[in-house]
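Notes for the one structure printed next.
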Amino acid sequence: MIRQRMIGARACALALALFASAVGVAGQAPAPQAAPAVAPSQFPRVSLTAGRSTVLTTDFDITRLAVTNPAIADATVVQPREVLIDGKAPGTISLIMWGGTTRREQYDVVVEQPITTLEQQLHQLFPGEEIQVATSPDGIVLSGRVSSTQVMLRVAEVAKATSPKANVINMLQVPGASDAQQVMLQVRFAEVNRRALTDLGSSFFTGNGGFRNWVGRSSTQQFPAPDFDQDKGLVFSDFLNLFLFNTRYNVGAVLKLLQQTGYFQSLAEPNLIAYNGQEASFLAGGEFPVPVVQGTTGTVSILFKEFGVRLNFTPTIAGDLIRLHVRPEVSSLDFNNGILLEGFRIPALTTRRAETEVELRDGQSFAIAGLINNETQTDQAALPVLSKLPIIGPLFKSKADRKERTELLVLITPRLVQPLDPDEVPPLPTLPGRFLPGGDDIGEQLEGGGGTLDAPSRPLGTH
């Protein structure tokens, strides 16, 4: 019993060429200048799964056999008319057998991918679903069709749980899913700032001549008070809100009575487009310089920090659903809590940030609210003894109250988008009109005339 292996694609190609030439001689010669058609394989097919074996029976005694690639499948003659075929790896090879000195049979041996344990488990958990699993050392590929988006997401979760370090590629299809792979995010930032300030204080003083030979001044140092100068007399840096002076008694007072309220609203409306699974970001704000000392050398470098309205999001299209990982942030400069470094004041950052994951359909919206920041600051000053006197004690006190409340609202709407073809782009509405009307228009001296403006035309002299 002789067993021979033909290793290499060149020997297999030679055998197939000789067989094809023999068939061509027996049949009708092809017409000249005609491209040869690729005919389907005419050899019997033997199918098996990788890791399993099968026995092939013949009606002649086998004297020799050959396989094209033993790494995919190997064959061994176990009886004069029986061949054991072992599947090793997915692929297709040729098996050729001889009886005596004549080539008797040739087969196409097809080795298929074995059903993995994960695929068997998924078929048990989700009966009736068409799920195929292909595995590799670095990832898992899920393919087929399932009945709903929830089943598709749960299948991916089970696959990820079985191999936490593997990259799961979910290619399962669901009914009604869109072919779009880009997500446009319509974001609306609304920030409302309410502010209230209250100042209360007083300062008493006498003129240069004083009152009955008495010269004096009271101040808590919280608000400006008049100063005495030998040449100029009384010097006022600020008369504050109320200024009283009695010329007869040469006595006066400066009062600080102020109440302020403010209302500020800021709105940003960015539209962002991101590819499926890719991160996109938006920033409406600026950068401020921060000096940084480098080690022991003492050299100072400038590092710029960003602030403003920021949004980072990563969309994941799951059938007819859109999963969003969003991270909105609003920051502003805070000089009150900053630091002073070599004469330069470096502000701090007041930041409000949220990070969450949501699941929406095309066109649905969600809101992130409740990002409220309340700040209250009270500064008081008083003269140690006079401020505790009954009735007149409050006249020797000063107080400043500052209250600020900021609320942020973020409204997000994801949409599946596809690019427009050139013939689908709608024309822009235009109403031609001279940009600068008049007989002496410089544009009229140019070739083609002056420019046009997309605005309603107006008669001359109207506003």
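Some notes on this structure:
Results for (1) in a strand (DSSP E or B); (2) open to solvent by less than 80 Å² (accessible area, probe 1.4 Å); (3) at negative phi, shown as yes or no for each residue.
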residue: Thr351; (1), (2), (3): yes, yes, yes
residue: Val358; (1), (2), (3): yes, yes, yes
residue: Gly363; (1), (2), (3): no, yes, no
residue: Ala369; (1), (2), (3): yes, yes, yes
residue: Asn374; (1), (2), (3): yes, no, yes
residue: Thr378; (1), (2), (3): yes, yes, yes
residue: Pro384; (1), (2), (3): no, no, yes
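- The lone exception for Gly286 - which of (1) closer than 13 Å to Leu185 by Cβ; (2) free of Cβ contacts under 8 Å to residues at least 40 places away in the same chain it fails: (1)
- Taking the stretch 387-420 as the range and being among the charged types (D, E, K, R) and under 42 Å from the mean Cα position of the chain (by Cα) as the test, the residues that pass are Asp401, Arg402, Lys403, Glu404, Arg405, Glu407, Arg415.
- The stretch 245-292: number of residues that are in a strand (DSSP E or B) and either under 27 Å from Gln221 (Cβ atoms) or basic (Lys, Arg) (or both): 14
- When each of Gly128, Gly144 is tested for being at pLDDT 80 or above, on the phi > 0 side of the Ramachandran plot and surrounded by 15 or more Cβ atoms within 10 Å (Cβ to Cβ), the lone residue that passes is Gly144.
- Test: residue in the stretch 208-222 that is out of contact with any Phe, Trp or Tyr (no Cβ under 6 Å at 6 or more places or on another chain), modelled with pLDDT of 75 or more, under 16 Å from Lys397 (Cβ atoms) and hydroxyl-bearing (Ser, Thr, Tyr): yes
- Condition met for Gly210 (on the phi > 0 side of the Ramachandran plot, among the small types (Gly, Ala, Ser) and surrounded by fewer than 19 Cβ atoms within 10 Å (Cβ to Cβ)): yes
- Here Pro175 meets the list (1) open to solvent by 70 Å² or more (accessible area, probe 1.4 Å); (2) in contact (Cβ under 8 Å) with a residue 40 or more places away in the chain almost entirely, failing just condition (2).
- If you check Leu172, Leu197 for being under 30 Å from Pro328 (Cβ atoms) and not aromatic (Phe, Trp, Tyr), only one passes: Leu197.
- Residue check, Val155 at pLDDT 90 or above and open to solvent by less than 30 Å² (accessible area, probe 1.4 Å): no
The values are calculated or read from the model by the stated rules, or taken from the named source; none is laboratory data. Every value quoted in this text rests on a predicted model; they were computed, and no experiment measured them. FYI the Cβ positions are ideal-geometry reconstructions off the backbone, even for glycines, and counts take in every protein chain you see. Areas reflect the complete protein model, heavy atoms only, side chains present, ligands, DNA and RNA absent. Shrake-Rupley method; radii C 1.70, N 1.55, O 1.52, S 1.80 Å.
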